[in-house]
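A short write-up of the structure that comes next.
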Amino acid sequence: MNGYEIRWAEDKDWIPAMHMIWKTFLKYEAVDYTEEGIRNFHEFITDEHLYKSFRQGRYQMMVALDGARIIGAASVRNYNHLSLLFVDEEYHHRGVGRSLMGRMCEYLKKEAGVYVAEGSSVCRGFLSETGISCSA
């Protein structure tokens with residue numbers, strides 16, 4: 001299992017996951033965004049409505065953990081749209097993102113039939129390099 005666990009996120013995971021996502025976004029993604037885009041992303045991941053949707057089960061998120069530490073997260077909105085995929089920089093190139101996407105794809109193929117992958121050049125590159133396809 002590569003020394004980490006992948007599971008559905010619990011309420012206690014939300015804040016640590018968003019901190020990891022923000023830290024990783026700033027280091028690897030922010031360079032491709034305007035200042036307004038960076039603010040918008042921060043507002044998105046700290047939005048109370050998003051958190052409420054998560055708690056109500058309408059915004060699903062899986063996390064990868066090394067012990068109690070969240071090292072990766074993947075989330076879906078509207079049951080068919082990949083919203084976030086981030087892995088802590090210390091765990092890049094160790095299969096965490098691939099494992100998260102594999103589990104999320106299994107779920108989406110079963111529950112939703114297909115998902116939409118959009119987003120950053122890093123995400124598109126990752127999907128291309130790994131050959132992951134979630135199309136039904």
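A few remarks follow.
- Residue count for the range 16-39 under the criterion of being surrounded by 12 or more Cβ atoms within 10 Å (Cβ to Cβ) and either free of Cβ contacts under 8 Å to residues at least 60 places away in the same chain or more than 15 Å from the chain's Cα centre (by Cα) (or both): the result is 10.
- Boolean, Ile21 is closer than 18 Å to Asp88 by Cβ and modelled with pLDDT of 95 or more: yes
- Subset of the range 100-115 that is surrounded by 16 or more Cβ atoms within 10 Å (Cβ to Cβ) and either within 13 Å of Arg7 (Cβ to Cβ) or among the acidic types (Asp, Glu) (or both) - its residue that is modelled with the lowest pLDDT: Tyr107
- Considering residues of the range 45-66 that are free of Cβ contacts under 8 Å to residues at least 60 places away in the same chain and within 24 Å of Tyr91 (Cα to Cα) only, the residue surrounded by the fewest Cβ atoms within 10 Å (Cβ to Cβ): Thr46
The values are calculated or read from the model by the stated rules, or taken from the named source; none is laboratory data. Not measured: the values here are computed from a predicted model. As a convention, Cβ positions derive from the backbone with ideal geometry for all residues, glycine included, and neighbour counts pool all protein chains shown.
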